[in-house]
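Notes follow once the structure below has been shown.
The values are calculated or read from the model by the stated rules, or taken from the named source; none is laboratory data. A quick note: this is a predicted structure, and the numbers were derived from the prediction, not measured. Heads up, the Cβs are rebuilt from the backbone with ideal geometry, glycines too, and the neighbour counts pull from every protein chain shown. These accessible areas exclude ligands, DNA and RNA; they are computed on the full protein's heavy atoms, side chains included. Shrake-Rupley method; radii C 1.70, N 1.55, O 1.52, S 1.80 Å.
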Amino acid sequence: MSTALSDRTADLPGLLPRHLAIAILVAVATLFASNHVAARLAFDEGTGLLLAVLVRSATALAVLVVLFLWQRKRFTFPAGAGRWQLLAGLMVAIQSLCLYAAVARIPVVVALLLMNTFPIQLALLTWALGGPRPTLRAALIMTAILVGLVVVLDIPAWLAAPEALGPEWLPGIAFGLGAAAAFSVALWTTEHHLGEVGSTLRSLLTMLTVLVLMIVAGVLQLVPGGMALPASPAGWGALAALALLYSVAFSVLFISVPRLEMARNAPVMNVEPVASLLLGYLVLGQMLSGTQLVGGAIVLGGIVALSLSPR
């Protein structure tokens with residue numbers, strides 16, 4: 001019966017066959033993971049945090065402008081949505097800075113696992129703001145994810161000997177969780193207050209807000225060394241790569257999403273931490289211990305299970 005249902009779904013007008021949709025999502029997730037590995041390479045070569053986000057945002061904004069014109073969208077903006085759009089852009093800017101700050105301090109896969117706790121934070125935020133309470137099943141899955149995080153972050157070892165993991169470990173964890181928190185606020189804002197804004201226009205305005213905020217932060221020198229240029233050709237190459245990889249992934253996902261049946265296939269995107277684990281080892285020499293890998297598997301499995309929950 002499931003095979004017949006799958007066949008009928010693949011035959012729906014406009015939808016890609018499921019195997020092709022999954023292949024595209026895996027490729028997109030790998031490109032996003034590659035963007036973060038390139039960011040770590042750029043930071044290791046002296047690239048400033050603000051500069052990295054600025055270059056990435058400018059490139060993505062250029063892509064969105066092209067898509068906006070290509071799709072012949074109209075610039076129609078509902079009254080009263082302006083402040084919520086500004087909040088969403090601010091949260092995405094904070095999320096971008098925090099995630100890159102985490103990537104610069106801890107292994108890429110750990111930073112992405114922390115970032116991928118946003119479904120937990122979104123569920124709790126929604127509940128706190130009057131939405132439905134998480135079901136018992138969801139609560140149990142969230143607890144399992146948190147247990148997995150304790151393992152992958154090697155919290156017992158850090159408590160026993162904080163110096164063993166280096167001075168950047170705790171700030172890296174805080175930045176990773178901060179990125180998830182900011183992203184959950186952005187998602188909540190989008191869902192509850194920006195539903196009437198077209199997706200292309202909403203994304204364009206969000207990226208424009210991020211770009212403007214990075215420029216202002218750079219001019220005011222709010223982040224020490226935030227606009228530092230790469231110190232080597234390798235750094236410049238990594239900076240260009242992170243912008244290109246992100247923009248290609250964003251463009252492919254944005255153009256293809258109407259045909260990917262995301263309600264069914266979105267959990268495939270959780271392959272990003274797995275791709276970052278492999279790329280982090282091959283490119284950066286970063287490797288987790290066996291115990292941390294088990295914890296990562298628990299976190300990833302919990303995230304997939306949570307994304308498949310009816311609520």
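Below are the figures for this structure:
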| read-out | value |
| --- | --- |
| At 0.890 mPa s and 25 °C, Stokes D of the stretch 166-267 from Kirkwood alpha-carbon radius, µm² per second | 145 |
| Relative contact order %, the chain, counting alpha carbon pairs below 8 Å whose residues are six or more apart | 43 |
| Pair residue 128, residue 278: separation of 7 Å Cα→Cβ label points (nm) | 3.7 |
| Heavy-atom accessible surface of the stretch 223-270: percent carbon and sulfur, 1.4 Å | 77 |
| Overall form of the chain per C-alpha gyration tensor (a/c, 1.5; a/b vs b/c) | rounded |
| Dipole of the chain, positive direction: furthest Cα of 240, 160, 91, with charges on the beta-carbon | 91 |
| Protection proxy ranking, peptides 207-218, 247-258, average beta carbon neighbours within 10 Å, highest first | 207-218, 247-258 |
| Given 15 as the ceiling on other Cβ atoms within 10 Å, longest exposed-site-free region of the chain for GluC sites (Glu not before Pro) in DSSP loops | 1-167 |
| Apportionment of accessible area to carbon and sulfur, the stretch 151-193, percent (1.4 Å) | 73 |
| Simple Cβ-charge dipole of the chain, Lys/Arg +1 and Asp/Glu -1, about Cα centre, in debye nearest 20 | 840 |
| DSSP H segments from the chain that extend 18 Å or more along their own axis, Cα-based, with Kyte-Doolittle mean of 0.0 or above | 18-44, 49-70, 82-103, 136-152, 169-193, 199-219, 233-256, 290-307 |
| Per residue solvent-accessible surface (Å²) - the chain, probe of 1.4 Å | 49 |
| Exposure of residue 259 as accessible area (Å², to 10), given a probe of 1.4 Å and all protein chains | 110 |
| Efficiency of FRET from Cβ geometry, residue 65 and residue 240, R₀ 22 Å, rounded to 0.05 | 0.65 |
| Residue 140 versus residue 220: modelled label distance in nm, points set 7 Å from Cα along the beta carbon direction | 4.8 |
| Net length gained if the chain between residue 196 and residue 232 were fully extended (0.36 nm per residue, minus Cα distance) | 8.4 nm |
| Packing-based order for 295-304, 29-38, using average beta carbon neighbours within 10 Å, highest first | 29-38, 295-304 |
| Rough spin-label spacing in nm, given labels placed 7 Å along Cα→Cβ, for residue 289 and residue 73 | 4.7 |
